[in-house]
Amino acid sequence: MSKIANAFANGKAFIPFITCGDPDLETTGKIVRAAVANGASLIELGIPFSDPTAEGPVIQGANLRALTGGVTTDLIFDFVRDLRKDVTIPLVFMTYANVVFSYGAEKFIATCQEIGIDGLILPDLPFEEKGEFLDICHAHDVDLISMIAPTSEDRIAMIAKEAEGFLYIVSSLGVTGTRSEIKTDIGSLVEAVRANSKVPCAVGFGISEPSQAKKMADLSDGAIVGSAIVKIIAKYGKDAAEPVGAFVKSMTDALR
C-alpha cells in the first residue's frame, strides 16, 4: 500500500504541483522542501513533456524551460532519490502516458517504487485504457490515480468504484490555469464520488487564492494548486523557494 492516505489523515490536504527542473533541479529541491516545511500534505511532481495537452500556457512554459535546461526522466529519478533522504510526505508523479511508454512502463513504474514515488497521474490516459498500466502499478505498490471532470457524468460511479490513492476532481473544463471563479457544482461531483468510494478526493485546476482553496477543500478532502505556484517560480527563478513557501503557508493556513 502507498502512503497517500497519510496526506488526508490530519484534516484537509493541500497539494502543490511543481514541474521538475524549472528552472533547474537544484531549485526544484529547495521549492519542494519549502512547501513541505510550510505544511504541504502531498506533492505532485511534474515530469516535463514536449506536448502537455492538459496544460495551459503557464505550465507549458515550465515544461519548455525544464526541457530546454536539459532535464530528463533519469535525472528526475535521481533527484527524487535525493529528496527521499529527508522528505517523508507522499509524492506522486504527474506526467503523460507517452513519457511512461517511451521509457518502458515496467521499468518506469518499478523505478517509481524503488525511489519512493507513491502514485502516478496521467491526464491523457482514458479510464477505459488504464489496464495497460494498472497491473504493473499494483505489482509495484504505486497507485494509479484517476481524474473526474465535470463532463464525466454517468462515468463518475464507475471511476470512483475503482479509484485508488486519491481522486483528482477537475474543477473546470479546459486546460490548467488560474481562474477568477470556479462555476462547476463541485459539491454534486463529490457527492457522486462519495456514494461510490471511500477514497479521498481533492479538487484542482483553476485554484489560485486561499479563499478558493478553502471553498474547494470544504466541499472535498483537499485542494490542488499548480499554475499559481508555477507563476511564482517563473517570476523568481532560482530564488523562488521562499516565495513559494510563503504561498503554501497562506494556503495551508486557509485550509486548516
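In the condition set (1) more than 13 Å from the chain's Cα centre (by Cα); (2) modelled with pLDDT under 95, residue 226 is compliant with all but (1).
Going through segment 1-51 one residue at a time, which ones are assigned to a helix (DSSP H, G or I) and among the aliphatic types (A, V, I, L, M)? Working first, answer last.
Quick first cut of segment 1-51, residues assigned to a helix (DSSP H, G or I) only: 4-8, 25-37.
Answer for segment 1-51, where residues must be assigned to a helix (DSSP H, G or I) and among the aliphatic types (A, V, I, L, M): 4, 5, 7, 25, 31, 32, 34, 35, 36, 37.
Of everything in segment 215-256 that's outside any helix (DSSP H, G or I) and not hydrophobic (A, V, I, L, M, F, W, C), which residue is farthest from residue 45 (Cα to Cα)? Per the stated criteria, the residue is 256.
So, restricting to helices (runs of 4 or more DSSP H) that lie completely within segment 52-138, which ones have at least 1 residues that are touching a Pro at 6+ places or on another chain (Cβ under 9 Å)? Don't jump to the end; show me each part of the working.
Working: elements: 57-68, 73-83, 97-103, 105-115.
By residue number, 57-68, 73-83, 97-103.
Here residue 13 passes the criteria (1) free of Cβ contacts under 8 Å to residues at least 24 places away in the same chain; (2) under 19 Å from residue 166 (Cα atoms); (3) crowded, with 18+ Cβ neighbours inside 10 Å except the one numbered (1). Scanning segment 196-211 for residues that are within 16 Å of residue 168 (Cβ to Cβ) and small (Gly, Ala, Ser) turns up 197, 202, 204, 206. Scanning segment 84-114 for residues that are buried (at least 23 other Cβ atoms within 10 Å of the Cβ) and either over 17 Å from the mean Cα position of the chain (by Cα) or more than 24 Å from residue 147 (Cα to Cα) (or both) gives a single hit, 108.
The values are calculated or read from the model by the stated rules, or taken from the named source; none is laboratory data. Predicted model only: the values in this text are computed from it and were never measured. So basically every Cβ, Gly included, is an ideal-geometry build from the backbone, and we count neighbours across all protein chains shown.
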